[in-house]
Amino acid sequence: MANKSDDILEEYSSKEYEYGFVTNIEMEIAPKGLSEETIHYISAKKQEPQWLLDWRLKGYHSFLKAEDPHWQNFDLPKVDFQGISYYAAPKSSAKFKSIDEVDPELIATFEKLGIPLSEQKILAGVAVDAVFDSVSVATTFKATLKEHGIIFSSISEAVKEHPELVQKYLGSVVPHSDNIYASLNSAVFSDGSFVYIPKGVRCPMELSTYFRINTENTGQFERTLIIADEGSYVSYLEGCTAPKRDENQLHAAVVELIAMENAEIKYSTVQNWYPGDKEGNGGIYNFVTKRGVCRGANAKISWTQVETGSAITWKYPSVILQGDNSSGEFYSVAVTKGKQIADTGTKMHHIGKNTKSRIISKGISAGEGQNSYRGLVQVGTRADNARNFTQCDSLLIGDRCGAHTFPYIESKNSTATIEHEATTSKIGEDQIFYLNQRGIDTEKAVALIVNGYAKEVLNQLPMEFAVEAQKLLSISLEGSVG
Amino acid sequence: MLLNIKNLQAKVEDKQILKGVNLQVNAGEVHAIMGPNGSGKSSLASVLAGRENFEVTGGKVLFDDKDLLEFSPEDRAREGLFLAFQYPVEIPGVSNINFLRTALNEIRAYHNQPTLESKEFLRLTRENQKLVEFDAKLTNRSLNEGFSGGEKKRNEIFQLAMLNPKLSILDETDSGLDIDALRIVANGVNKLRSDKNAFIVITHYQRLLDYIVPDFVHVLYDGRIVKSGTRELALELEEKGYDWIKEPVTSASI
């Protein structure tokens, strides 16, 4: 009986990664290694103003001084920072005036990934910024958004066209000295998305960025900056994939969100970086710093993440609840199978009065996957009547995986209400057999059970992406019975 | 013949549970299987449905002239074998209706039938809800989650109605039911009875058989069917208990 289960487990955990192809396109790649010169090189390539170069250099010096964190629940692999190339761009790319100028090979790549870049073909109501290795190749629906005064462009473009906004907010939520990977990102960030929603504007469509790492031995260090001015609303989604490679590739992104008074930002991620093979070779190290600040009263920031890829995922999308009555939410599904590791969760810093936060974390572990929830709820002295609700659930599939929960609570205000619930469950043979007995095969049975388990989080995603995420969960977790 | 069980033997881990069961069931018939606790009644149901931890060590089972034991559990279901569980499991977050639609369409796909349209599926759902007196509210809840014992059993009968199997095995469906729930469940089954399908009703007590009247009654004891008869046998068992059945077997085995 154990043997049969193992077979099924084997079969499903060896499921191929669908997005592992490589695009053959002529690239301009910076020499490997990191030094002041590298930073000058990147900055010059991007024809950046002096202030940005200076800021990058500060990031670099913070990086040199920073030490590796030591509290995570996995052995931090030695990252050879000198073995990485910090800039890679398709040769023809300097700047695209319209989608017609983009290399057809690149368009084909994104089509293959299900991300059509021509505006006619695109999913109704979703504007996309596509980032290939270090540069943004296309941003759709720009004109429509412009009518509303919304700026949605690559960050390089924003540096040129709206330097005052970028200079004001870049690093204002995640400083260049925040942590070693944020410092590295500040020094070498290549591209990413920039969003500005003016006062009182409700963004009429979902904004989306799609990140693709293609070139060997490169890292991807994108930087995303979203500013929602007073009374505005935006929903933003990021997706990511990478080819299969034997060696590990580093992805160290930084995302900063700023919500002013009465503004709302909803940020969703469907992360499907290459997780490595069955033996744990290759795969992406996904070391990302994501943080939002509710600057004004009644502001709201909501993070939703579906994490199915990467060899190691290490990130804690956080919210600083500065404005009174502001609220922060974190909804997460993290899947680990094979030898994948995820150490993820959130930080909610309650500073203003009557601030609220809600954390729903669903971990799913299969194969030899290790899944940790790590979260911090912090209530400051001024944060009267702060409320937090945390629910962390773990689902285990098989008997070789692990689930861990590390909730930290620090309250300096006696009026705060903090609730924490946690459960651990296993997909039972009984559940599988029950579904089998109704004519549903094991693969579909697990997909049903897992999607049911993650429903509360999936429901937070925009419609089209919820469907995608459901499929992704089914594909990455098929079977794995224990 | 719909089901033909020949000398079926099975074990769990190292324990021999079925020691040569013979049983023939034709379409249109209702068979009751009775017997004391631990005699192998539920094991027989599990073996027929293909539960993984039971190992068949001998014998043959023909279902519609096909070798049932060669099929995976899901294919047995698709071939038209339905097991109403004694302890239906809860599956949080999976709505009853979504589960049923998946099940129904999987079975249809197996028979090369197209996916049922939403409208048609809803019509079928409403019709069957009424037929087996199943609360519409429960249809949209998570599968069995937070259902009472009676609601779970009624959900089994509702599923049975929806999937319309050739052979239904009710595994102690009456256990834990009060008399009203028992009547509702039995009524449902009676309405679903036809000359095209058959039922095997596993029960400990004759009470259920007042409502679902069987054509044949079998007594399973120590992994074998030791006595078969008509309805009267159930009444006799009710009156005398199981001890008089046990004796001849025990003496025969000495």
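The values are calculated or read from the model by the stated rules, or taken from the named source; none is laboratory data. Not measured: the values here are computed from a predicted model. All Cβ positions, even for glycine, are placed from backbone atoms using ideal geometry, and neighbour counts span all protein chains on display. Just the protein is used for accessible areas: all its heavy atoms, side chains included, with ligands, DNA and RNA removed. Shrake-Rupley method; radii C 1.70, N 1.55, O 1.52, S 1.80 Å.
Inside the range A:446-457, residues that are buried (at least 22 other Cβ atoms within 10 Å of the Cβ), within 7 Å of chain B (Cβ to nearest Cβ) and more than 13 Å from B:A103 (Cα to Cα) make up a count of 2.
Residue under question is A:Y267, and the condition is that it be out of contact with any His (no Cβ under 8 Å at 6 or more places or on another chain) and among the hydroxyl-bearing types (S, T, Y); does it hold? Taking the combined requirement at face value, the residue satisfies it.
The test for being modelled with pLDDT under 95 and under 17 Å from the mean Cα position of the chain (by Cα) holds for B:L192. Checked against (1) assigned to a helix (DSSP H, G or I); (2) in contact (Cβ under 8 Å) with a residue 60 or more places away in the chain, B:L62 passes all but condition (1).
In the set (1) open to solvent by less than 30 Å² (accessible area, probe 1.4 Å); (2) at the interface with chain B (Cβ under 10 Å from one of its Cβ atoms), A:V377 fails one condition alone, (2).
The set of residues in the range A:258-284 being farther than 17 Å from A:V335 by Cβ and either polar (S, T, N, Q) or open to solvent by 10 Å² or more (accessible area, probe 1.4 Å) (or both) consists of A:M260, A:E261, A:N262, A:E264, A:K266, A:E279, A:N281. Count of the range B:212-228 residues, restricted to those that are surrounded by 19 or more Cβ atoms within 10 Å (Cβ to Cβ) and hydroxyl-bearing (S, T, Y), is 1. Just one of the listed residues (B:L220, B:L160, B:L209) is touching a Lys or Arg at 6+ places or on another chain (Cβ under 6 Å), at pLDDT 90 or above and either of a type in the set (A, V, I, L, M, F, W, C) or part of a loop (DSSP other than H, G, I, E, B) (or both), namely B:L220. For A:F389, the stated conditions do not hold, so it cannot be described as of a type in the set (A, V, I, L, M, F, W, C), surrounded by fewer than 20 Cβ atoms within 10 Å (Cβ to Cβ), touching a residue at least 40 places away in the same chain (Cβ under 8 Å) and part of a strand (DSSP E or B). Cβ-Cβ distances below 6 Å connect the following pairs, each with a first residue in the range A:434-445 that is within 7 Å of chain B (Cβ to nearest Cβ) and closer than 20 Å to B:A45 by Cβ, a second residue that is among the hydroxyl-bearing types (S, T, Y) and open to solvent by 10 Å² or more (accessible area, probe 1.4 Å), and a separation of six or more residues or different chains: A:I440/B:T102.
Scanning the range A:288-313 for residues that are modelled with pLDDT of 90 or more and of a type in the set (A, V, I, L, M, F, W, C) yields A:V288, A:V293, A:C294, A:A297, A:A299, A:I301, A:W303. Is the range B:25-44 home to any residue that is assigned to a helix (DSSP H, G or I), aliphatic (A, V, I, L, M), within 21 Å of B:L233 (Cα to Cα) and open to solvent by less than 60 Å² (accessible area, probe 1.4 Å)? For the range B:25-44, residues assigned to a helix (DSSP H, G or I), aliphatic (A, V, I, L, M), within 21 Å of B:L233 (Cα to Cα) and open to solvent by less than 60 Å² (accessible area, probe 1.4 Å): present.
Filtered by the rule that a residue be part of a helix (DSSP H, G or I) and open to solvent by 50 Å² or more (accessible area, probe 1.4 Å), the range A:415-434 gives A:E429, A:D430. Reported count of residues in the range B:62-98, each being more than 8 Å from chain A (Cβ to nearest Cβ), surrounded by 19 or more Cβ atoms within 10 Å (Cβ to Cβ) and at positive phi, is 1.
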